[in-house]
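Enquirer: Got a structure for you, questions after.
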Amino acid sequence: MADRKAFRASILHCLADPGEQADSAAVQYIEDGILLVEDGHVAALGPADAMAATLGDDIERVDHSGKLILPGFVDCHVHFSQLDIIGSFGEQLMDWLEHYAYPAEEAFADAGHAQEAADFFVDELLRNGTTTALVFPTVHPQSVDAIFTAADRRNMRLLSGKVLMDQNCPETLRDDPETGYRESRQLLEKWHGKNRLGYAITPRFAVTSSEQQLKSAGRLAAEFPDVHVHTHLAENRDECDLVATQFPWSRSYLDVYEQFGLVRERSVFAHCLHLDEPDRQQMAKLGAAIAFCPTSNLFLGSGLFDLRAALERGIRTGIGTDVGGGTSLSMFRTLNEAYKVLQLQGQSLPGFRALYLATLGAAKALYLDDKIGNFTPGKEADFVVIDYAASSLTERRLSQSADIAEKLFALITLGDDRSIATTYVLGTPV
Ligand SMILES: [Zn+2]
């Protein structure tokens with residue numbers, strides 16, 4: 001017999017991109033609603049008074065009245081190996097990698113350390129309401145096993161893959177094109193499609209890969225078109241200069257990846273701060289996606305992401321926390337900074353669009369919108385229950401809101417992990 005549960009609360013989710021004008025037809029809000037879940041999937045949703053009579057006696061009823069149900073958040077770019085260096089002072093990208101990120105990643109040669117860090121990381125994601133993530137591990141195959149094991153134990157949807165880097169980084173973190181290809185392929189065959197896990201071919205960035213390695217990554221991407229590609233693109237000016245020197249034949253940084261067959265559907269590029277118009281046209285045409293990482297871009301002084309240009313061009317775009325260059329795993333805190341990044345450029349980010357970028361928009365960026373991102377019946381029931389009274393100021397401010405649009409925006413501005421009362425994965429609290 002089916003496992004049926006009815007969750008009562010206010011319910012909000014996106015049906016499409018609400019845009020900078022916050023089109024209310026692009027969202028569905030039910031003030032007093034029921035989300036009906038069957039065997040971990042959304043069966044129906046609607047007003048509580050209409051739904052309650054149809055439920056029958058065999059159903060488990062869970063009352064979250066006075067709280068808000070949102071779809072689980074989707075983090076499009078984050079490094080699980082960098083939790084221990086979050087909030088490291090004083091550097092921009094290339095020095096930050098050398099002084100903080102690489103030394104921290106060396107510890108992941110130890111499988112025990114990798115597993116402990118992966119379990120902690122995944123629990124932190126869930127505690128922050130993030131139910132799906134595209135995750136950078138390290139160059140070590142055991143770090144990939146660790147993050148997939150941690151996600152699988154919690155039934156979580158997660159994408160990851162071995163980092164490829166064979167130059168311009170410490171000796172201890174280098175693979176080579178041959179072993180990089182072989183280990184990636186072994187890990188892909190072991191994990192891709194297992195339960196809710198998916199593989200991502202993961203060259204760190206163009207600086208740390210030889211042409212031969214990018215070529216072997218492209219070969220893998222062609223052999224396995226349904227796996228993801230995950231890397232960094234045009235984050236920092238010095239990095240862009242290095243890439244231009246290293247690949248003198250390239251038209252642009254994006255072009256380096258494109259020449260090796262790495263720009264395609266299911267390719268996700270973190271940052272994309274320093275693109276030109278032909279780059280954007282190519283990304284839209286080829287179906288590649290951007291992870292907008294506002295806290296990281298501010299913290300590392302990298303620059304301001306032009307969201308309007310990306311979305312107007314039709315590029316799939318989601319939000320990434322990019323911890324540890326980013327400063328929080330909380331999607332609320334990340335969206336709060338996204339709003340400010342856009343304010344500095346004369347753009348806007350209403351609450352509805354912010355929610356879209358962290359849920360349905362991110363799911364589209366990852367080509368997972370047939371499975372997650374909103375509460376369309378049939379989708380996987382990953383959701384969060386929001387406590388409006390997580391802090392006294394939040395409670396006071398939200399009680400003054402005229403409507404859900406205002407309430408959501410204030411929640412994003414003030415909210416953090418304390419706002420997440422419960423996170424559900426496939427309809428089960430975690
Ligand atoms: Zn990153």
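Enquirer: Determine, for each peptide in 81-90, 26-35, the mean count of other beta carbons within 10 angstrom over its residues, then list the peptides with the highest first.
Expert: So the order, starting with the most tightly packed, is 26-35, 81-90.
Enquirer: Restricting to bridges with both residues inside the chain, how much of the DSSP beta-bridge set is antiparallel, in percent to the nearest 5?
Expert: 45 percent
Enquirer: Another one. What's the long-distance tail for the chain, i.e. % of Cα pairs beyond 40 Å?
Expert: Counting pairs separated by more than 40 Å, the tail of P(r) holds 15 percent.
Enquirer: Would you please give the residues with an amide H less than 5 Å from that of GLY33, counting only those at least 5 places away or on a separate chain, with H modeled from the backbone geometry?
Expert: Answer set, sorted by chain and number: ALA9, SER10, ILE11, ALA48.
Enquirer: How would you rank 157-168, 127-138, highest first, on the average number of other Cβ atoms within 10 Å across their residues?
Expert: Those peptides, ordered most packed to least, come out 127-138, 157-168.
Enquirer: If you don't mind, another one. At GLN400 and LYS285, where each label point lies 7 Å from the Cα along Cα→Cβ, what is the point-to-point distance in nanometres?
Expert: Between GLN400 and LYS285, the label points sit 5.1 nm apart.
Enquirer: Further question: Could you sort out which of LYS162/LYS190; LYS340/LYS364; LYS162/LYS215; LYS5/LYS364; LYS215/LYS285; LYS67/LYS407 sit more than 19 Å apart by Cα distance in this structure?
Expert: Over 19 Å Cα-Cα: LYS340/LYS364; LYS5/LYS364; LYS215/LYS285.
Enquirer: Listed highest first by mean packing, meaning other Cβ atoms within 10 Å per residue, what order do 197-205, 312-320 come in?
Expert: Descending packing order for the listed peptides: 197-205, 312-320.
Enquirer: Provide the percentage of antiparallel DSSP beta bridges, counting only those with both residues in the range 1-90; round to the nearest 5.
Expert: 75 percent
Enquirer: Multiply the residue separation of ARG153 and ARG251 by 0.36 nm, subtract the distance between their alpha-carbon atoms, and state the gained length in nm to one decimal.
Expert: Gain in length upon complete extension: 30.9 nm.
Computed from the coordinates by the stated procedures, all read-outs in this text should not be read as laboratory data. If you're wondering where the values come from, they're calculated on a predicted model, not measured in any experiment. Neighbour counts run over all protein chains shown; Cβ positions are idealised from the backbone, glycine included.
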